[in-house]
Amino acid sequence: MGADGAGYTVFLDRDGVINRDSPDYVTSWDQFVFLPGSLEAIVRLTRAGMAVMLITNQSAVGRGMMDVATLEDMHRNLRQAVERQGGRIDAVFYCPHHPDEGCDCRKPKPGLILEARRQYNLDLAASTMIGDSARDIECGIRAGCGRTILVRTGLHDAQAQLTTKGLHPDRVAADLAAAVDWLLGTMGKTP
Ligand SMILES: [Mg+2]
C-alpha cells in the first residue's frame, strides 16, 4: 500500500467495534452508544485517505425486532455523526437475514465484502477487516482481506473461538483506536 492510504479500504464491523454491543440487540438510535475513541478513530482513517465501509450482521431485522427503515435511519445518523467530526463512512453493507435463512451475506460468510468489492472494484489485498467477533475475522480471511484485526471491545471471548478454528487475526487490539494506531503504523511498510 502507498504511504498515504489512497486506494486502501478498511471494513468495520459495527456493534462491539464502533458502538457498545448489547445481548438484546441494538435496535434504535437511542440505544446506539459510541465506544470511547471510536468516532475519532474513523476520522483518522478518512484523513489517512482510506475508504471506510461498514460490514454488519443485523439479524434483528430478520427476527422481526427492527424494520429496515429504522436500521437505515440509524446508519444515516451514524454517518452524519462521523461527518460532523470530519470523517466519512463511504458505504454500508448489512445482512438483514435471520441465521436460519441460509443467505450468502451473513458473516462469517464473505458475501458482504465480496459485494463491496464488486460495487467499488476494490483490491481486497489492500484492505483490512476490523471486528470484535470470530465471525468478523473469519469473514475477512475468507474474503481475502490483506489484514484482519480483532478488537477486544465486544461481548464474547472471540480469541478462544478463533484458536479453536485455527484462525489467527494479524493483530489483537484493545479497541478501534488501538487498531487504527497499529494499522496506520504499518503504512508504507511491507507487507
Ligand atoms: Mg460485533
Within the stretch 49-69, what residues put their amide N at less than 19 Å from the label point 7 Å along the Cα-to-Cβ vector of Asp90?
49-56
Potential lengthening between Asp100 and Asp73 on full extension [0.36 nm per residue; Cα-Cα distance subtracted]:
7.2 nm
Can you check what the net charge comes to around Gly144, using other residues whose Cβ is under 12 Å from the Cβ of Gly144 (Lys, Arg +1; Asp, Glu -1)?
+2
If you count only protein heavy atoms with a 1.4 Å probe, what accessible area per residue comes out for the stretch 9-185, rounded to a whole Å²?
45 Å²
In the stretch 9-185, carbon and sulfur make up what percent of the accessible area (probe 1.4 Å)?
45 percent
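Using the Cβ atoms and a cut-off under 15 Å, what net charge is assigned to the surroundings of Gly86, where Lys and Arg are +1 and Asp and Glu are -1? It would help to have the intermediate numbers written out before the result.
Details: positive: Arg44, Arg47, Arg79, Arg84, Arg88; negative: Glu40, Glu83, Asp90.
Around Gly86, the surrounding residues sum to +2.
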For the chain, what is the calculated [θ] at 222 nm in deg cm²/dmol (nearest 500), taking -39500 (n - 2.57) for each run of four or more DSSP H residues and dividing by its residue count?
-10500 deg cm²/dmol
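For the stretch 9-185, what is the percent of antiparallel DSSP beta bridges, rounded to the nearest 5? It would help to have the intermediate numbers written out before the result.
Numbers: 1 of 22 bridges.
Here the antiparallel bridges make up roughly 5 percent for the stretch 9-185.
How big is D for the chain, in µm² s⁻¹ as a whole number, if Stokes-Einstein is applied with the Kirkwood radius of its Cα pairs at 20 °C and 1.002 mPa s? Show your work: numbers first, answer last.
Details: Rh = 16.5 Å.
Stokes-Einstein gives a translational diffusion coefficient of 130 µm²/s.
Work through the residues other than Ser127 whose Cβ is under 10 Å from its Cβ and net out their charges, Lys, Arg +1 and Asp, Glu -1. Please report the intermediate quantities before stating the final value.
Working: positive: Arg117, Arg147; negative: Asp123.
Value of the local net charge: +1.
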The ³J(HN,Hα) series, computed from each phi in the stretch 118-133 with the Karplus coefficients 6.51, -1.76 and 1.60 at θ = phi - 60°, rounded to the nearest Hz and given as x for glycine or proline, is 5, 5, 10, 6, 8, 8, 5, 4, 9, 8, 10, 9, 10, x, 9, 10
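The values are calculated or read from the model by the stated rules, or taken from the named source; none is laboratory data. Computed from a predicted structure; not experimentally measured. Backbone-built Cβ (ideal geometry, glycine too); neighbour counts: all protein chains shown. In case anyone asks, the SASA skips ligands and DNA or RNA and just uses the protein heavy atoms, side chains included. Shrake-Rupley method; radii C 1.70, N 1.55, O 1.52, S 1.80 Å.
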